[in-house]
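Since the structure comes first, as structure tokens, the remarks are kept for the end.
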Amino acid sequence: MSGTVVVAENGQGRYQQQVSAGKHIMLADEPESMGGGDAGPAPFDFLMAGLGACTSMTLRMYAERKGLALTGISVVLNHDKTEVDGIQRNRISRQITLEGNLSDAERQRLLEIAEKCPVHRALSQSFVLESQLAN
């Protein structure tokens, strides 16, 4: 399971943030079109990166367990808005490329497995989000 992530302004730009996840340090920022300096990925880019990484890792684990001839995976993600029952909703689209000598049935099963990655499952459900002020 993932650990704690700490996000704090780093004083280097209007919206620039230092993101610390364990021993990993990253930058987040808004694009110039939103008033930022584009020094790092925007928040939705991080969200999509997590989904894409989880998708690819889940597919790799499954292929290894089943001995599938999967030689490469890439996931391209896009975020936009769509209307569902008259309500604007966020939509993330995934284009999954599977490389290797795979049958149509294996490819279809891998697509089904992609829907079961933990981040996909979490994003597909309602989260319980809690916020509180630190002392």
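The values are calculated or read from the model by the stated rules, or taken from the named source; none is laboratory data. What you see is a predicted model; the values in this text were computed from it and never measured. Quick reminder, even Gly has a Cβ in these numbers, built from the backbone with ideal geometry, and neighbours come from all protein chains shown. Calculation scope for accessible area: heavy atoms of the full protein, side chains included, ligands and nucleic acids excluded. Shrake-Rupley method; radii C 1.70, N 1.55, O 1.52, S 1.80 Å.
Here is how the numbers come out for the structure above:
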read-out	value
Solvent-accessible area per residue for the chain (1.4 angstrom probe, square angstrom)	74 Å²
³J(HN,Hα) computed for each position of region 71-76 - Karplus, 6.51 cos²θ - 1.76 cosθ + 1.60, integer Hz, glycine/proline x	9, x, 9, 9, 10, 9
Size of electric dipole in region 52-135: Cβ of Lys, Arg +1 and of Asp, Glu -1, about Cα centre, debye, nearest 20	160 debye
Longest to shortest principal axis, alpha-carbon extents of the chain, angstrom	52, 43, 31
Using θ = phi - 60° and Karplus 6.51 cos²θ - 1.76 cosθ + 1.60, couplings along region 79-86 (whole Hz; Gly, Pro as x)	10, 8, 10, 9, 9, 10, 6, x
Dipole magnitude (debye, nearest 20) for region 1-89, charges at Cβ of Lys, Arg, Asp, Glu	560 debye
Nearest 10 degrees, 0 to 90: helix 43-66 Cα axis against the chain principal axis	30 degrees
Qualifying lysines (Cα of each under 19 Å from Cα of Lys81; at least 8 residues distant if same chain)	none
From phi via Karplus (6.51, -1.76, 1.60), per-residue ³J(HN,Hα) for region 9-20 in Hz, x at Gly/Pro	4, 10, x, 9, x, 3, 10, 5, 10, 9, 10, 10
Solution diffusion estimate, µm²/s, Stokes-Einstein, region 56-135, Kirkwood Rh from C-alpha pairs, 37 °C, viscosity 0.692 mPa s	219 µm²/s
The chain: angle of helix 104-114 to the longest principal axis, Cα-based, in degrees nearest 10	30 degrees
Extension gain, Val84 back to Ala134 (0.36 nm per residue minus Cα-Cα distance, nm)	14.3 nm
